Every structure is written in C-alpha cells, then in structure tokens.
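Here is the structure we will look at, set down as structure tokens.
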Amino acid sequence: MRNLSHVPVHIGYPGETAHWPSLAHLWTDWYQQYLKADYPRLIVRFEDIIFRQKELMRQICTCAGAVPTEDAFSYVVGAGKWGASHKSSSNLISAIVKYGSDQHRFDGMAKLDLKYASQYLDPDLMRFFQYRQPIL
C-alpha cells in the first residue's frame, strides 16, 4: 500500500489565505474552534436534518427561545432543490435510502481513503458527533 499523502486545502479570506494539510485537518480545526468558542453556537449534523427533522426543529426553536407547536411542522418530501439545473436532486425518501444505512457508508472509498480517514480524523470529534471511525 502506498504511503499516505496529503492534498492541501487553501481558503482565501479578504487579506489572507488559510492553509491546512488536508480536508481532514480543516474539518478538525473548524469544529474544534466552534466547540471551544466562548460564545453561543449551534451545530447541526447533516444526519439529524435528514432523520430527525421534527425533533431537530423543536430543539432549535427551544434553543432560540421560541415555543414550538406540533401543527407548525410539515415534512417536505419533494426535491430539496428546484429548477432545470437540479433535475437529479434528491428528495427526503432518496436521501433516507442513500444515507440511512451503515451497509454502504464507505462504498466508493478506497482502502487508502479509509486508512487516511482513520489516521487523520480527530477521534474525539468523531465520538462527539457520534461518527464511527472507518475500520480497515
């Protein structure tokens, strides 16, 4: 197996450019900054948007000081995006089918990708967000 190598990430901000050795390093730095911040913040996982919409919205409303009501929520099962350029856009059902199973979570990832992820994704953040480290 080849040695693991990084693909650097560079993000340009007004007046400066930030650099990370890889997307895994950026992900770690990004979320650690939010978790260590001394100001109020809200982090929402993609999985919760797909699988726990009603409960998520209740928690967000409560966090923001709103009083959620049962009749104020409705599921949008159609395409998440509209227009000619989004003809193959997923909807709620296709997203659940695609992302709702651990069985195919790592499909399309080479062994080298999985090895890299297991080595460079921060294990504490993975546990915090309830993500499972890839197992080789």
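Any read-out appearing in this document is the output of simple, stated calculations on the displayed coordinates, not a laboratory observation. Because the structure is predicted, anything quoted here is derived from the model rather than measured. As a convention, Cβ positions derive from the backbone with ideal geometry for all residues, glycine included, and neighbour counts pool all protein chains shown.
Placing a label point 7 Å from the Cα of Met109 along the Cα-to-Cβ direction, the residues of segment 46-65 whose backbone N falls under 18 Å of that point are 46-48.
For Val9, nonlocal amide neighbours, meaning residues 5 or more places apart or on other chains whose placed amide H falls under 5 Å from its own, are Trp20, Ser22.
Compute the signed sum of charges (Lys and Arg +1, Asp and Glu -1) over the other residues within less than 15 Å, Cβ to Cβ, of Cys61.
Net local charge, Cys61 excluded: -1.
This structure gives semi-axes √(5λ) of the Cα gyration tensor in Å, computed directly, and of (1) 22, 18, 15; (2) 29, 16, 14; (3) 30, 22, 17 that value is listed as (3).
Please tell me the relative contact order of the chain in percent, rounded to the nearest whole number, where contacts are Cα pairs under 8 Å and at least six residues apart. Please list the in-between numbers first.
Details: 86 pairs, mean separation 29.3, N = 136.
Computed over the chain, the figure is 22 percent.
Pairs of Lys residues in the chain that lie 8 or more places apart, or on two chains, and have C-alpha atoms under 29 angstrom apart add up to 9. Couplings 3J(HN,Hα) of segment 124-129, computed from phi: 5, 5, 4, 5, 4, 8 Hz, in residue order, whole Hz [Karplus 6.51 cos²θ - 1.76 cosθ + 1.60, θ = phi - 60°; x for Gly and Pro].
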